[in-house]
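Enquirer: Just dropping this structure here.
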Amino acid sequence: MTQAATIAVEVAAIEQVTPLIKHFTLAPLAGGTLPAFSGGSHIVVVMKRADRVHRNPYSLMSRPGRLDSYEISVRRMETSRGGSHFMHDEVKVGSRLEIAHPVNLFALDKIARKHVLIAGGIGITPFMAQLQDLHAANVPYEMHYSVRAPEHAAFLDRLGEEEGERLHMYYDSRGEVIDCEGLLTSQPLGTHVYVCGPAGMIEHVVATARAAGWADSHIHWEQFSAPPVGDAFEVFLARSKLKVHVLPDQSLLESIEAAGVDVPYLCRGGVCGFCFTKVVELDGELIHNDHFLSADEKNSGKYLMPCVSRARCRNLVLDL
Amino acid sequence: MNVVFKPDETFRDEFRFANSTHAIRRFPFPFAEDEYMYSVNIEPHVAGPQGSVTEFAIDVDEHYVAECRERAIVLAAEPLRYQALPHMMSAQWDCLELIMESLARDYPAHFSLARTGARWHWINRPLGIDHTFTFGDRTTLPQEPLEYITRQTQGDWVVMDQREGDLWCEAGMVTTQADWSLDFDVGMTFKEWHGPVPVAHELGVFDRALKYLLNLRLNEPVRRLNWTMTIHPRLDTSPENYHQWGPDRASVTLANAGDAYLRVELQGLWRLPRSNGIVFSVRAYLISMPELVTIPKWARRMHRVLKSLHPALADYKGLTRYRETVAAWLAPYDDGAPTSAGTAPE
């Protein structure tokens with residue numbers, strides 16, 4: 001399977017919702033409707049710049065039933081490799097972009113008796129659509145949303161209006177933190193917990209839930225790692241017989257794509273495992289940044305996920 | 001495309017069924033080689049050649065009207081051939097949309113769909129249905145959406161929910177199956193419901209297939225072929241009705257082996273948008289041995305596949321009692337000449 005067909009969209013509206021977050025409304029260039037989706041889905045946005053192509057995943061935030069447009073939010077990253085800066089600085093109303101079909105790697109469990117949703121900062125985005133799905137489902141839920149300070153609380157008006165008492169806000173600036181232990185030791189059987197936010201928050205929620213006896217099947221998290229910046233390195237693609245140079249702020253997957261080789265992907269954030277690649281030769285070390293491979297697989301040096309992982313070596317040969 | 005239907009066909013009792021020359025030429029013959037073994041033979045469900053069974057997403061052929069009537073007969077006697085667990089309602093609507101949109105787009109002479117917001121107007125001319133309903137509102141349809149629309153299709157449908165890194169068989173319409181039961185399997189995980197299949201587990205087929213399907217993408221359906229054999233053109237070879245068809249397998253002789261049918265399942269898999277579930281379609285095509293041998297390459301290859309089939313596979317497919325008899329019936333049509341690669345007639 002090769003890369004998915006994309007859909008051409010036009011930016012219909014842009015809103016600066018917090019000092020760091022811009023909200024984009026994307027309408028199909030051809031008119032009509034976009035594909036239906038489920039809450040928790042993301043799309044990959046293809047950003048074509050003069051010298052390179054970025055493909056970044058963003059959670060869909062619009063109401064899943066509304067298909068004349070999609071909405072996404074983009075946080076300006078301090079150490080951006082270019083994607084978030086491109087969206088913030090170069091994309092205007094009327095700009096044209098390409099998107100891939102929605103993929104859901106963070107779906108609500110349909111037989112859960114209750115849902116506990118926990119968001120940190122920009123991690124609120126997948127929940128915006130999930131909450132719309134939950135309005136239509138007759139299942140209890142609560143939304144816990146932690147932000148740095150009131151001015152960083154994106155979409156608070158909408159959430160406050162629609163969620164009422166089910167919304168619990170926490171402001172770092174006021175010293176408020178989510179009491180995970182209290183929250184996760186007082187839930188009825190059959191509850192599922194979902195967390196999206198900074199890595200530390202996800203680790204804390206998952207560890208607290210496990211310690212409280214939650215089954216892994218009831219703990220859901222999503223964290224798209226942005227591909228980290230690193231040293232430049234070279235890679236040889238054995239099957240394509242191509243040498244590829246990976247720049248410091250370019251992911252391995254992006255460099256391989258730029259060389260004209262298709263690698264199947266879904267999330268581009270080290271979660272789904274779709275771009276799983278075998279290492280043929282290596283004379284240094286792999287820098288694994290994904291959440292997919294097991295510790296043993298990472299230590300074996302035989303596999304890597306090129307969407308987020310890199311290498312520090314003189315010679316790396318991949319089975320591509 | 002205009003299909004000329006054969007509404008008088010029947011798949012039970014006196015068995016009135018035949019394939020036209022056109023239907024024989026387009027039959028999805030499954031054997032690309034002279035020997036058969038399991039593989040993860042999944043390919044993108046993209047448009048095949050004009051006139052082929054994969055030209056359109058959902059194939060409608062000359063047996064459509066008769067097969068819909070057969071489904072209604074089965075459901076009248078055994079309503080549990082259709083089931084849907086309560087959390088599958090959004091997936092039901094996804095299926096209704098997929099089927100209505102495909103049929104209306106690909107067979108405009110026979111089906112039409114007009115959408116005005118959530119008000120949908122559906123016309124099925126071959127079955128004489130003209131219905132306006134509200135998408136998402138169960139009360140505006142005479143049956144649940146999945147039952148309503150699959151009563152208007154050929155082939156079986158299984159709808160899977162995706163959770164806990166697995167696929168759960170939790171809704172379906174299954175009336176034309178090769179000896180498996182939705183009533184028994186509903187609620188099972190992917191590997192549980194494939195439990196009885198021999199050899200394939202050891203080959204790791206289901207590990208790979210599950211991993212592949214969990215990542216199935218919207219707008220990129222896939223398909224595969226499976227096959228077995230059936231005595232008489234009987235669509236309902238269910239465990240529930242084993243007493244009606246099981247004994248047929250012991251009645252095959254060289255004189256009547258022409259009543260053996262190759263039964264090929266065109267299986268399609270689509271990611272569903274609103275529910276994030278997957279729908280699995282199993283469309284059975286039947287061809288008698290006398291029809292099959294009108295294509296010399298298929299006659300040679302069918303003979304060779306039956307002769308060389310792994311005994312465990314023959315057992316699982318229920319062929320053990322008659323495979324040698326059918327092979328003997330086919331032997332005069334196999335002159336030993338080499339067969340060309342691929343499944344197409346020469």
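The values are calculated or read from the model by the stated rules, or taken from the named source; none is laboratory data. Since the model is a prediction, treat every value here as computed from it, not as a measurement. We place every Cβ from the backbone using ideal geometry, glycine too, and count neighbours over all the protein chains shown.
Enquirer: When you look at B:Ile123, is it surrounded by fewer than 21 Cβ atoms within 10 Å (Cβ to Cβ) and either touching a strand residue (DSSP E or B) at 6+ places or on another chain (Cβ under 7 Å) or hydroxyl-bearing (Ser, Thr, Tyr) (or both), yes or no?
Expert: Values: surrounded by fewer than 21 Cβ atoms within 10 Å (Cβ to Cβ): yes; either touching a strand residue (DSSP E or B) at 6+ places or on another chain (Cβ under 7 Å) or hydroxyl-bearing (Ser, Thr, Tyr) (or both): yes.
For B:Ile123, the condition - surrounded by fewer than 21 Cβ atoms within 10 Å (Cβ to Cβ) and either touching a strand residue (DSSP E or B) at 6+ places or on another chain (Cβ under 7 Å) or hydroxyl-bearing (Ser, Thr, Tyr) (or both) - is met.
Enquirer: Just to confirm my filter: which strands (runs of 3 or more DSSP E) fall fully inside the stretch A:1-73 and include at least 2 residues that are away from chain B (no Cβ under 14 Å) and not aliphatic (A, V, I, L, M)? Reasoning before the result, please.
Expert: Working: elements: A:6-16, A:21-28, A:41-48, A:53-59.
Per the criteria, A:6-16, A:21-28, A:53-59.
Enquirer: Here is a follow-up. Which of (1) assigned to a strand (DSSP E or B); (2) farther than 30 Å from B:Met229 by Cβ; (3) in contact (Cβ under 8 Å) with a residue 40 or more places away in the chain; (4) touching an Asp or Glu at 6+ places or on another chain (Cβ under 9 Å) does B:Met160 not meet, given it meets every other one?
Expert: Only one criterion is unmet by B:Met160, namely (2).
Enquirer: How many of the residues making up the stretch A:101-153 are among the small types (Gly, Ala, Ser) and either under 25 Å from A:Pro28 (Cα atoms) or within 14 Å of another protein chain (Cβ to nearest Cβ) (or both)?
Expert: The total comes to 5.
Enquirer: Restricting to the stretch A:270-290, and then to whatever is under 23 Å from A:Val53 (Cβ atoms) and of a type outside the set (A, V, I, L, M, F, W, C), can you tell me which residue is farthest from the other protein chains (Cβ to nearest Cβ)? Write out each step before concluding.
Expert: Step one: filter the stretch A:270-290 for residues under 23 Å from A:Val53 (Cβ atoms), giving A:270-277, A:287, A:289-290.
The next check asks that each one be of a type outside the set (A, V, I, L, M, F, W, C); those that pass are A:270, A:273, A:277, A:289-290.
Details: A:Gly270: 15, A:Gly273: 8, A:Thr277: 15, A:Asn289: 20, A:Asp290: 15 Å.
Across the stretch A:270-290, the extreme among qualifying residues is A:Asn289.
Enquirer: Here is a check on your reading of the model: is B:Val222 within 14 Å of chain A (Cβ to nearest Cβ), closer than 23 Å to A:Phe276 by Cβ, β-branched (Val, Ile, Thr) and touching a residue at least 40 places away in the same chain (Cβ under 8 Å)? It would help to see each step written out before you state the result.
Expert: Working: within 14 Å of chain A (Cβ to nearest Cβ): yes; closer than 23 Å to A:Phe276 by Cβ: yes; β-branched (Val, Ile, Thr): yes; touching a residue at least 40 places away in the same chain (Cβ under 8 Å): yes.
So B:Val222 fits the description; yes.
Enquirer: Please find, within the stretch B:191-219, the residue that is nearest to B:Ile58 (Cα to Cα) out of those that are within 14 Å of chain A (Cβ to nearest Cβ) and not aliphatic (A, V, I, L, M).
Expert: Among them, the one singled out is B:Asn219.
Enquirer: For the condition at pLDDT below 95, in a loop (DSSP other than H, G, I, E, B) and within 14 Å of chain A (Cβ to nearest Cβ), what is the one hit in B:Val3, B:Val46?
Expert: On the way: B:Val3 fails: within 14 Å of chain A (Cβ to nearest Cβ).
It is B:Val46.
Enquirer: Moving on to the next point. So is B:Met89 farther than 30 Å from B:Phe15 by Cα, hydrophobic (A, V, I, L, M, F, W, C), surrounded by 15 or more Cβ atoms within 10 Å (Cβ to Cβ) and over 15 Å from the mean Cα position of the chain (by Cα) or not?
Expert: On the way: farther than 30 Å from B:Phe15 by Cα: yes; hydrophobic (A, V, I, L, M, F, W, C): yes; surrounded by 15 or more Cβ atoms within 10 Å (Cβ to Cβ): yes; over 15 Å from the mean Cα position of the chain (by Cα): yes.
Yes: the conditions hold for B:Met89.
Enquirer: Among the listed residues B:Glu147, B:Glu101, identify the single one that is modelled with pLDDT of 95 or more, surrounded by fewer than 18 Cβ atoms within 10 Å (Cβ to Cβ) and either part of a strand (DSSP E or B) or not basic (Lys, Arg) (or both). Show your work before the answer.
Expert: Details: B:Glu147 fails: surrounded by fewer than 18 Cβ atoms within 10 Å (Cβ to Cβ).
Answer to the check: B:Glu101.
Enquirer: List pairs: first residue in the stretch B:73-95 and within 14 Å of another protein chain (Cβ to nearest Cβ), second residue of a type in the set (Lys, Arg) and in a helix (DSSP H, G or I) anywhere in the structure, Cβ distance under 8 angstrom, at least six positions apart or on different chains.
Expert: B:Met89/B:Arg138
Enquirer: Can you pull out the strands (runs of 3 or more DSSP E) entirely within the stretch A:177-261 that have at least 1 residues that are surrounded by fewer than 16 Cβ atoms within 10 Å (Cβ to Cβ)? Show your work before the answer.
Expert: Numbers: elements: A:191-196, A:219-222, A:233-237, A:242-246.
Result: A:233-237, A:242-246.
Enquirer: Next question. Closer than 26 Å to A:Pro188 by Cα and either away from every other protein chain (no Cβ under 14 Å) or surrounded by 16 or more Cβ atoms within 10 Å (Cβ to Cβ) (or both): does that describe A:Leu159? Explain how you work it out, then say what you get.
Expert: Numbers: closer than 26 Å to A:Pro188 by Cα: yes; either away from every other protein chain (no Cβ under 14 Å) or surrounded by 16 or more Cβ atoms within 10 Å (Cβ to Cβ) (or both): yes.
For A:Leu159, the condition - closer than 26 Å to A:Pro188 by Cα and either away from every other protein chain (no Cβ under 14 Å) or surrounded by 16 or more Cβ atoms within 10 Å (Cβ to Cβ) (or both) - is met.
Enquirer: Counting just the residues of the stretch A:138-156 that are surrounded by fewer than 16 Cβ atoms within 10 Å (Cβ to Cβ) and closer than 28 Å to A:Lys110 by Cβ, which one comes out nearest to the chain's Cα centre (by Cα)? Break it down stepwise before answering.
Expert: Within the stretch A:138-156, the subset surrounded by fewer than 16 Cβ atoms within 10 Å (Cβ to Cβ) is A:138, A:140, A:148-151.
Still in the running and closer than 28 Å to A:Lys110 by Cβ: A:138, A:140.
Details: A:Asn138: 27, A:Pro140: 26 Å.
Per the criteria, the residue is A:Pro140.
Enquirer: For a quick check of your reading: which helices (runs of 4 or more DSSP H) sit entirely within the stretch B:256-346 and have at least 2 residues that are away from every other protein chain (no Cβ under 14 Å), within 30 Å of B:Leu214 (Cβ to Cβ) and not basic (Lys, Arg)?
Expert: Working: elements: B:289-292, B:296-308, B:311-316, B:323-330.
Where helices (runs of 4 or more DSSP H) fall fully within the stretch B:256-346 and carry at least 2 residues being away from every other protein chain (no Cβ under 14 Å), within 30 Å of B:Leu214 (Cβ to Cβ) and not basic (Lys, Arg), they are B:311-316.
Enquirer: If you don't mind, another one. When A:Met47 is evaluated against the numbered criteria (1) among the aliphatic types (A, V, I, L, M); (2) in contact (Cβ under 8 Å) with a residue 60 or more places away in the chain; (3) buried (at least 17 other Cβ atoms within 10 Å of the Cβ), which criterion, by number, is the only one it fails?
Expert: (2)
Enquirer: Has the stretch A:254-269 got any residue that is touching a Cys at 6+ places or on another chain (Cβ under 9 Å), without any contact (Cβ under 8 Å) to a residue 40 or more places away in the chain, more than 14 Å from chain B (Cβ to nearest Cβ) and of a type outside the set (Phe, Trp, Tyr)?
Expert: no
Enquirer: I would also like to ask the following. Among the residues of the stretch B:244-252, is any within 21 Å of the chain's Cα centre (by Cα) and either among the aromatic types (Phe, Trp, Tyr) or closer than 24 Å to B:Ala57 by Cβ (or both)?
Expert: Taking every residue of the stretch B:244-252 in turn, at least one turns out to be within 21 Å of the chain's Cα centre (by Cα) and either among the aromatic types (Phe, Trp, Tyr) or closer than 24 Å to B:Ala57 by Cβ (or both).
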